[in-house]
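Novice: Sharing a structure with you now.
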Amino acid sequence: TGIVHLENVSKDYILGEQKVQALKDITLDIASGAFLAIAGPSGSGKSTLLNLIGCIDTPTAGKVLINGQDISGRTPDDLSGLRARTIGFVFQTFNLFPVLSAEENVEYPLLQFRELKTAERRIRVAEYLDIVGLSRFARHRPNQLSGGQRQRVAIARALATHPKIVLADEPTANLDHATGEGILELMKNINDKFETTFIFSTHDSRVMAIADNVIHIQDGQIVQREIRKEKSMHV
Ligand code: ADP
Ligand code: ADP
């Protein structure tokens, strides 16, 4: 199976007396190195799906395998360990620490890897600020950066831990169109260079055009699979 494997996955949320079926019987296999868009209108289940792939939540029914590991029945500690070693996150609101500089933001998740010495960590941070084209802005705080630059910091932070999978929830939603396209091109370049798997959600049809494959979801179900690069998706 691929780096992400979902088999007959459902996710319900209980709200008082009501049950919301956010995902219904999703089966999906994503190969390592994929550049995949999850498309669908607001409320269709995109974030729920990313949360399952990101080991932030567990399914109500069905099987989720991330990098070959079954996530059901695991303790939160166990899941966060798996997450730290496997997954990088990019959010639509960037989620940077406002009081930390760009380089401190990128360094932050690396602090949990005890095997990285201080000097190695610094080198890693500089390497990723360079990859996203922000070396000159290392000492800037988020409020001294443009939206596109903030999202680049977030991407550097997500990549610096060498994740197998980067999950991006509407990464272009708060950017103008040209800046959003630049961010996607940056992610695509990294995908080509390092074979990092990228999975991003979007409801912007213009954003979907750059993806290798697009999965369309509606009301918690996959309604269409656009496979433009055969090797990166089965099923
Ligand atoms: P999208 O990301 O496509 O906007 P979501 O995955 O956020 O969709 O939501 C799918 C459905 O699940 C929606 O009906 C939403 O209201 C519901 N939902 C999402 N998160 C929760 C939650 N924590 N509690 C209850 N219902 C939720
Ligand atoms: P490590 O645990 O040392 O990062 P990996 O197996 O993750 O080992 O990667 C081996 C090498 O491949 C890394 O040292 C790095 O040079 C390169 N590499 C892996 N993933 C990435 C990535 N996402 N970005 C840049 N380089 C990467």
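Novice: At 0.36 nm per residue, and after removing the present C-alpha to C-alpha distance, how many nm does the segment from A178 to I14 gain when stretched out fully?
Specialist: 55.1 nm
Novice: Moving on to the next point. Using the crude model of +1 on Lys and Arg Cβ and -1 on Asp and Glu Cβ, and no other charge, please compute the dipole size for the chain relative to its Cα centre, in debye to 20.
Specialist: Dipole magnitude for the chain comes out near 540 debye.
Novice: Of G180, L100, A158, which is farthest along the charge dipole of the chain in the positive direction, counting Lys and Arg as +1 and Asp and Glu as -1 at C-beta?
Specialist: Going by the Cα projections, it comes out as L100.
Novice: So, one more: Within a 10 angstrom radius of the beta carbon, how do E103, E195 rank from fewest other beta carbons to most?
Specialist: E195, E103
Novice: Sort R150, R157, R124, R74 by Cβ crowding within 10 Å, fewest neighbours at the top.
Specialist: R74, R124, R150, R157
Novice: Using a Gaussian network model of the chain whose springs link C-alpha atoms within less than 10 Å, name the residue from E127, E185, E115 with the highest mean-square fluctuation.
Specialist: E115
Novice: Something else now. Between F113 and S135, what FRET efficiency follows from the Cβ-Cβ distance if R0 is 25 Å, with the result rounded to 0.05?
Specialist: Efficiency for this residue pair is about 0.65.
Novice: While we're on this one: Nearest 0.05, what FRET efficiency do E226 and A61 give at R0 = 22 Å with Cβ-Cβ as r?
Specialist: Approximately 0.25, to the nearest 0.05.
Novice: In addition: So which lysines pass the test for K63, namely a Cα distance under 30 Å, with those fewer than 8 places away in the same chain ruled out?
Specialist: K11, K19, K24, K46, K164, K188, K229, K231
Novice: Work out, step by step, the length gained on full extension between D25 and R206: first 0.36 nm times the residue separation, then minus their alpha carbon distance; give nm to one decimal.
Specialist: Here the segment from D25 to R206 would lengthen by 62.4 nm.
Novice: Which far-off residues, 5 or more places away or on another chain, put their amide H under 5 Å from the one on L23, with H placed in the peptide plane?
Specialist: K11
Novice: Sort F113, F200, F35, F97 so that the residue with the fewest other Cβ atoms within 10 Å of its own Cβ comes first and the one with the most comes last.
Specialist: Fewest-to-most ranking of F113, F200, F35, F97: F97, F113, F35, F200.
Bear in mind that the values in this text are calculations on the coordinates, not laboratory data. Keep in mind that what you see is a predicted model, and the values were worked out from it rather than measured. Backbone-built Cβ (ideal geometry, glycine too); neighbour counts: all protein chains shown.
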